[in-house]
Each structure stands twice: as C-alpha cells, then as structure tokens.
C-alpha cells in the first residue's frame, strides 16, 4: 500500500512539474510576443500634426515613441495662413507690441545682417573712403549687383548694392577693407546696444547660419534705426540707384529687392534668404500715421506673410 501511495505521489508531482514547465514556456512566449509588438509599434512613424497653440509640426520619435517639439520643415501652413516660424508687429516709436509669435525664439536671419553691416561701415569709414574690390571678396554667392574684382567704390556708393541688391560682395568688401575680425566684433557690440542681446554674428553678409537672433531683437533694432539712424532706412526705401562709369568702375544699376519698396507707406526695411533661414524680412510701414514694424523669421513667403500681418494689424 505504501509503495502504491508513493507511486501516486510521484505521478502527481511529475504532472505538476510538466504543467509548470509548459506554463513557463507559454509565459516566455507571451512576453516575447509583447516585446515584439512594442518594438513594431515604436517603429511606426506618426504623421505630422499641427499643434493649435504652438503652430509648428511635431512627430512621434521612431525609436522611443515620445513626442518631440523640434520644428520640422514642412509646407503645412497654420490656419491663419502665416507661415513664418516667428514674427512680431509693433510701433517703433512707442514700443507697443500688437502681434507676436515666438518672438524670443533664436533663428537665423540671413541678409537682414546687412543693416548692421551698414551701421558699422558708416561709423568707421568716411563716406568718401575708396574701397577696391578684391578677387577674394567676389568669391561669394552671386548677387544682382554686377560688381567685379578690380573696381573701386566709395563707401557711400557701396551702401546701395549692400542694402538694395543685398550684395554679398559689398558686405565682404566693407568688412574686409579693415580688420575683418574687429569689424565683426563691432557688429556684435552694436547689436547688443540696439536691443539684440541674443544675437550672434559670424559674417557681414548673413550667409552664415550662425548669424541669428530673435524677432524681438530685430524689433529693437528697428526702433534704433527709426530713432537714431533714419539715413540707413532712407537708403532702403530707394527703388533703384544708378552709378555712372568712372575711371574706378563701370556703370551699375542697383535695384531694391524688397517687395514693398514701391508702397507709398514704406519707411524702410531689409530682406534675407538662405536655406537655413528660409525667408526673413523687416518692413516698417506708416499706417494711420504710425510707424509699424513687421518682422518675419523663417517664413515660406515673406511678402505674403507680411501682407497677412498688415491685414491682421488693420483689424485690431
């Protein structure tokens, strides 16, 4: 009897052991399936979506599934139609801000840098100082100025291609005809004094993506130009300027590329564009007898965005 009982116990224990092993195998299989399912889910790229409060695109990370707030380049435009990643609209006399979007986001501002280049050049040179264009200075992305190596211009003459055509050659010539590093240091120092403490300036043209700052900072600069250096703004509202042939240079016509230069309300401004900065623009308009600055950074279409901002301002 004892032997029979022992046999039964052994059989029962053996059965229980087999059941436990089977359950363990099944549990391991289930855990493996769960891990596989989680990995497959994390590799699914979520379609971009527009956040209503921030206005920029977000994607789910393909590795972690976490939502990232990093802006991504897209042709999607917010519901108000304004594509600019940052903008600000304000009265440059009173400092009152009417409209803004990410005004403190640091972004590249491209050839808007040349406004600062013009300020430094007119501070350190006499207007009649002659500058000869070197082969190194024309070795920059082409612009519409037609300036050639070997030609000589006065500082005053170079301000027109710099601010109207947005000439990279003129910018390099003005900076390189003295100590270039010192010229850039002065650009940085002046930008801080004008209310652009977040700004960074790596070259006199804005070709470098390191030339960056905020919409709020450029609003401070617009205020400075309007109050202290209206002569710079006066040049930017000239539609076209011609330079006759001399012994120093050939004939040139420097024409503004600012889309609002022929608008009777236009007080002055500057455009910019690089692959990193996209479209940028400062536009000061006299509206209801008030000087209103419209600044757009990283826009897909600076003229359209500025027109929409003018319309929004008019409805306030």
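The values are calculated or read from the model by the stated rules, or taken from the named source; none is laboratory data. Since we're looking at a predicted model, the values are computed, not measured. Please note: Cβ atoms are built from the backbone with ideal geometry, for glycine as well, and neighbour counts cover all protein chains shown.
On inspection, residue 115 does not qualify as modelled with pLDDT of 95 or more, under 29 Å from residue 216 (Cα atoms) and out of contact with any strand residue (DSSP E or B) (no Cβ under 6 Å at 6 or more places or on another chain).
Against the test of being touching a helix residue (DSSP H, G or I) at 6+ places or on another chain (Cβ under 9 Å), part of a loop (DSSP other than H, G, I, E, B) and loosely packed, with under 15 Cβ neighbours inside 10 Å, the options 209, 204, 197 yield a single qualifying residue, 197. When each of 177, 208, 212, 167 is tested for being in the same structural domain as residue 148 (by TED's automatic domain parsing) and at pLDDT below 95, the lone residue that passes is 177. Of all residue pairs spaced 6 or more apart or on separate chains, those with beta-carbon atoms under 6 Å, a first member in the stretch 203-218 that is within 11 Å of residue 184 (Cβ to Cβ) and a second member that is in a loop (DSSP other than H, G, I, E, B) are 208/202; 210/202; 211/201; 211/202.
A count restricted to the stretch 270-289 and to residues that are touching a strand residue (DSSP E or B) at 6+ places or on another chain (Cβ under 8 Å) and farther than 14 Å from residue 215 by Cα stands at 6. Inclusion of residue 284 among residues that are more than 22 Å from the chain's Cα centre (by Cα), in the same structural domain as residue 115 (by TED's automatic domain parsing) and in contact (Cβ under 8 Å) with a residue 60 or more places away in the chain is not warranted. On the given criteria, is residue 244 touching a residue at least 12 places away in the same chain (Cβ under 8 Å) and in the same structural domain as residue 102 (by TED's automatic domain parsing)? Taking the combined requirement at face value, the residue does not satisfy it. Counting only strands (runs of 3 or more DSSP E) that sit completely within the stretch 89-187, those holding 3 or more residues that are in contact (Cβ under 8 Å) with a residue 40 or more places away in the chain and surrounded by fewer than 21 Cβ atoms within 10 Å (Cβ to Cβ) correspond to 97-101.
With respect to the numbered conditions (1) in a strand (DSSP E or B); (2) under 28 Å from residue 184 (Cα atoms), which one is the sole condition not fulfilled by residue 234? Every condition holds for residue 234 apart from (1). If you go through the stretch 273-316 and pick out every residue that is at negative phi and in a loop (DSSP other than H, G, I, E, B), you end up with 7. Scanning the stretch 290-316 for residues that are at pLDDT 95 or above and out of contact with any strand residue (DSSP E or B) (no Cβ under 7 Å at 6 or more places or on another chain) returns 303, 304, 307, 308, 311.
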